[in-house]
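In what follows, a structure is listed as structure tokens, so that the remarks can point back to it.
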Amino acid sequence: MEPVRRKALVDAALRVIGDHGSLAVTMSDIARQAGVSPALAHHYFGSKEQLLIETIRSLLRQLRSDTVVALKAARTPRARLSAIIRVSFHADQFAPETIAAWLAFYAEAQRSEETRRFLVIYARRLRSNLLADLKALLPADAAERIAEGAAAMIDGLYIRQSLKSAPIGIEASIALTEDYLNALLATASPSPRREKERPHRTTQGQMT
């Protein structure tokens, strides 16, 4: 039962943080949401801080797992970039409580070194994933610049979800980010690797 109860507590922490809009929640609040006693919650996690750290780990694990699956299904660098964008705006990531939790963790990162470390891991992973495929399409300097811009756009559009008066939907966020990439890819000089990946026409006019 331990893995089941630990997951139930992590899920409950996510919901409670989402409801409160901050990490100013108690272990009792989380335990009540999970349907267990505060003593049991302390038994599994020791402290609220440890439970919150496990909650952000859970968010990162899910995001990484979704990204790995999406990238395996993509056949070209450009398709992989689209996969990264779509995963970043996956419906699960757009759940109100998940958005609220991410924002709460960003605020906590100003005070907690451990929370900051996890958010740095997320930022580096996103940039690295984008950069790996952009380098297959563009010279290194252009790839790095566009990777930074795309990552900033993804994070910025995500944060705007917290603005209840001006939310941007999943498909609109994906389309805006794709438009950004398409515009820059069209104007940047392709790398030699990109040229090799372009399909060639046979004498019969068919693509090979």
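Could you tell me which of the residues Ile159, Ile174 is open to solvent by less than 50 Å² (accessible area, probe 1.4 Å), assigned to a helix (DSSP H, G or I), of a type in the set (Val, Ile, Thr) and modelled with pLDDT of 80 or more?
Testing whether each residue is open to solvent by less than 50 Å² (accessible area, probe 1.4 Å), assigned to a helix (DSSP H, G or I), of a type in the set (Val, Ile, Thr) and modelled with pLDDT of 80 or more leaves just Ile174.
Condition first: part of a helix (DSSP H, G or I) and either among the basic types (Lys, Arg) or free of Cβ contacts under 8 Å to residues at least 24 places away in the same chain (or both). Now tell me which residues in region 58-76 satisfy that.
The answer is Arg61, Arg64, Ser65, Val68, Val69, Ala70, Lys72, Ala73.
Between Arg194, Arg198, Arg116, which is modelled with pLDDT under 95, basic (Lys, Arg) and buried (at least 16 other Cβ atoms within 10 Å of the Cβ)?
Within the list Arg194, Arg198, Arg116, the selection yields Arg194.
Would you mind stating whether Asp179 is open to solvent by less than 50 Å² (accessible area, probe 1.4 Å) and either modelled with pLDDT of 90 or more or in contact with a His (Cβ under 9 Å, 6 or more places away or on another chain) (or both)?
So Asp179 does not fit the description; no.
Please enumerate the residues belonging to region 59-92 that are surrounded by fewer than 17 Cβ atoms within 10 Å (Cβ to Cβ), of a type in the set (Gly, Ala, Ser) and under 15 Å from the mean Cα position of the chain (by Cα).
If the condition is that a residue be surrounded by fewer than 17 Cβ atoms within 10 Å (Cβ to Cβ), of a type in the set (Gly, Ala, Ser) and under 15 Å from the mean Cα position of the chain (by Cα), then Ser65, Ala91 are the ones that fit.
Please verify whether region 14-37 includes one or more residues that are of a type in the set (D, E, K, R) and under 25 Å from Asp155 (Cα atoms).
Within region 14-37 (the criterion being of a type in the set (D, E, K, R) and under 25 Å from Asp155 (Cα atoms)), the answer is yes, since at least one residue qualifies.
Among the residues of region 93-145, how many are within 23 Å of Ile174 (Cβ to Cβ) and either assigned to a helix (DSSP H, G or I) or within 15 Å of the chain's Cα centre (by Cα) (or both)?
Selection size over region 93-145: 30.
What number of residues within region 7-57 are in a loop (DSSP other than H, G, I, E, B) and modelled with pLDDT of 90 or more?
Qualifying residue count, region 7-57: 7.
Step by step: first the residues of region 22-51, then only those that are within 22 Å of the chain's Cα centre (by Cα) and open to solvent by less than 50 Å² (accessible area, probe 1.4 Å), then the one that is nearest to Ser162 (Cα to Cα). Which residue is that?
The extreme case among them is Ser22.
The values are calculated or read from the model by the stated rules, or taken from the named source; none is laboratory data. The structure displayed is predicted, hence computed values, not measured ones. Note that we place each Cβ from the backbone using ideal geometry, even for glycine, and neighbour counts take in every protein chain shown. Ligands, DNA and RNA are stripped out before the accessible areas are found, and what is left, the full protein with its side chains, is counted by its heavy atoms. Shrake-Rupley method; radii C 1.70, N 1.55, O 1.52, S 1.80 Å.
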